[in-house]
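First the structure, in the form of structure tokens, and then the observations on it.
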């Protein structure tokens, strides 16, 4: 009995030490102080992209602003929307934009990987328009891409192509450039995607894999290290099919001399199902570092 009590006390002290060493960010666990003049809000709008109106919801942060703005890009087709992450990011003082791709979840048009890339570009363009930046309190110098799964690929691609994106976080990001490289891995992923593709319109899973094969060289995100090396990059891995490529990207960034790379590995599934709080804490701490570096 005495040994059990001592063990319990020891475990409690160990847990307390871990909490002290790395406190949970307030934005993950507590609401901000009310700001009656500039309260947080939710704006529902559409953004034009190649003849289609994209459904967009915009979590606006409290405070007078302008605010840094995170484009939070969901996966394929987007069963995990990361709404909890969006709320934590807003509590941390950032605007957050979520959107659906063309041909996904009832949006008009046909889905393809290429059109999804174009859609993300149009959302960024919309945020940078002076009228929209003023209306929604956007600091256009502080646009950050954060994406999960296929959204991680989109976020990395957008940042690699657009040097004015401030920073990028890729969470369990699929590498479209390599999904056809290993026949066994390809078949595993193909079967999983076929079972999940109901919300996609105007395409088939086989067509998507063929599209990825045609763009294999350009869509291998390990090759984007040169374009990303000068900016803050957060890589968050899970125990899934994507962690090997994410390790390779981290290595490539290091070889290119990247000094603002942060990498975390979480022992969980692709959706971070039992580590949602930890995922939020990792992202919020990284964003807090970005904010501190900007204020210096």
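Observations on the structure shown:
- Taking 13 Å as the cut-off, the amide N atoms of the stretch 37-57 that come nearer than this to a point 7 Å along the Cα-to-beta-carbon line of residue 161 belong to 50.
- Spacing of the modelled spin labels on residue 24 and residue 269, each 7 Å from Cα toward Cβ, amounts to 2.3 nm.
- Net length gained if the chain between residue 184 and residue 57 were fully extended (0.36 nm per residue, minus Cα distance): 41.9 nm
- Angstrom value of the Kirkwood radius, inverse mean 1/r, which spans all Cα pairs in the chain: 20.1
- In plain terms, the residue of 44, 117, 146, 171 with the fewest other Cβ atoms within 10 Å comes first and the most crowded comes last, giving 44, 117, 146, 171.
- Förster radius 30 Å - calculated FRET efficiency between residue 84 and residue 230 (Cβ-Cβ, nearest 0.05): 0.45
- Cα centroid separation - the stretch 70-141 against the stretch 236-296, whole Å: 20
- Cβ crowding within 10 Å, taken as a proxy for footprinting-reagent exposure, orders 283, 73 from fewest neighbours to most as 283, 73.
- Computed from the C-beta positions of residue 110 and residue 292 and an R0 of 41 Å, the FRET efficiency is 0.40 to the nearest 0.05.
- Full extension of the chain between residue 256 and residue 206 gives 14.5 nm of extra length, using 0.36 nm per residue less the Cα-Cα distance.
- Computed Rg/Rh of the stretch 167-268, alpha carbon atoms with Kirkwood Rh: 1.00
- The residues 204, 268, 69, when put in order of fewest to most other Cβ atoms within 10 Å, stand as 204, 268, 69.
- Normalised by the number of residues in the chain, the mean separation of alpha-carbon contacts (under 8 Å, six or more apart) gives a relative contact order of 16 percent.
Read-outs throughout are calculated quantities, based only on the coordinates presented, and are distinct from any laboratory measurement. Source: prediction; values computed, not measured. When we count neighbours, we look across all protein chains shown, and the Cβ atoms used for this are built from the backbone with ideal geometry, even at glycine.
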